[in-house]
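Engineer: Here it is, the structure, as structure tokens.
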Amino acid sequence: MAVAPAPVAVQDAPHFLAVIHVAPETSGPTQVSARCPTPARASADTQRMVALVNAERASHGLAPLRTSGKLARAAQAHACDNAARNSFSHYGSDGSDLGMRLRRVGYRLSTAAENTGLGFADASQLVSYWMNSPGHKANILNPSMTELGLGQADGTRPTWVLDFGRPR
């Protein structure tokens with residue numbers, strides 16, 4: 001069984017947990033089946049999420065984040081896995097953590113963080129919640145991050161995963 005890395009920062013909230021991990025160099029268990037239909041609104045939601053996150057960063061004097069296909073693939077797979085379990089967990093059903101999932105998609109990380117959400121109807125609602133949660137806000141405003149990727153799935157409730165990273 002894989003041992004999860006020690007969290008560097010953790011913030012609990014009723015439906016969310018933000019964790020920044022110092023990822024180990026092991027690849028972890030094999031990837032679970034994490035495919036699901038992409039919601040029809042996903043492209044528009046991704047554009048809206050990027051705009052909202054970058055507006056928050058700009059209001060704090062930070063550089064904008066650019067989208068990363070690898071981060072988006074990892075986030076989408078984890079959103080599908082979470083939707084199948086009606087979960088907002090940072091750990092996959094196979095025990096994987098963020099670092100393991102990023103390595104699976106070939107993302108060579110220097111640092112990474114993840115915000116998850118469950119039950120929010122749109123990106124505006126979700127970013128508003130995150131900006132009022134110290135741990136999630138810290139991830140959004142982390143000056144070390146340079147990229148982001150969004151994953152969404154429609155399970156029992158809308159499931160969101162926003163991965164942040166800075167590649168090596």
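The values are calculated or read from the model by the stated rules, or taken from the named source; none is laboratory data. Quick caveat, the model's predicted, so the values are computed rather than measured. Surface areas here come from the heavy atoms of the whole protein model, side chains and all, with no ligands, DNA or RNA. Shrake-Rupley method; radii C 1.70, N 1.55, O 1.52, S 1.80 Å.
Engineer: Please state, rounded to one decimal and in Å, the Kirkwood hydrodynamic radius that the stretch 31-157 gives when every pair of distinct Cα atoms enters the mean of 1/r. Don't skip to the end; give the middle numbers.
Structural biologist: On the way: mean 1/r = 0.0676 Å⁻¹.
For the stretch 31-157, the Kirkwood estimate is 14.8 Å.
Engineer: For the full complex of protein chains and a 1.4 angstrom probe, list Phe164, Phe88, Phe120 by accessible area with the highest value first. The partial results should precede the final answer.
Structural biologist: Details: Phe164 0, Phe88 60, Phe120 35 Å².
Sorted descending by solvent-accessible area, the residues read Phe88, Phe120, Phe164.
Engineer: Continuing with the same structure: Quick one: how many Å² of Asp45 are accessible to a 1.4 Å probe, rounded to 10?
Structural biologist: Result for Asp45: roughly 20 Å² accessible.
Engineer: With a 1.4 Å probe and all protein chains in place, put Arg166, Arg41 in order of accessible area, largest first. Before the final figure, lay out the partial values.
Structural biologist: Details: Arg166 95, Arg41 70 Å².
In descending accessible area the options line up as Arg166, Arg41.
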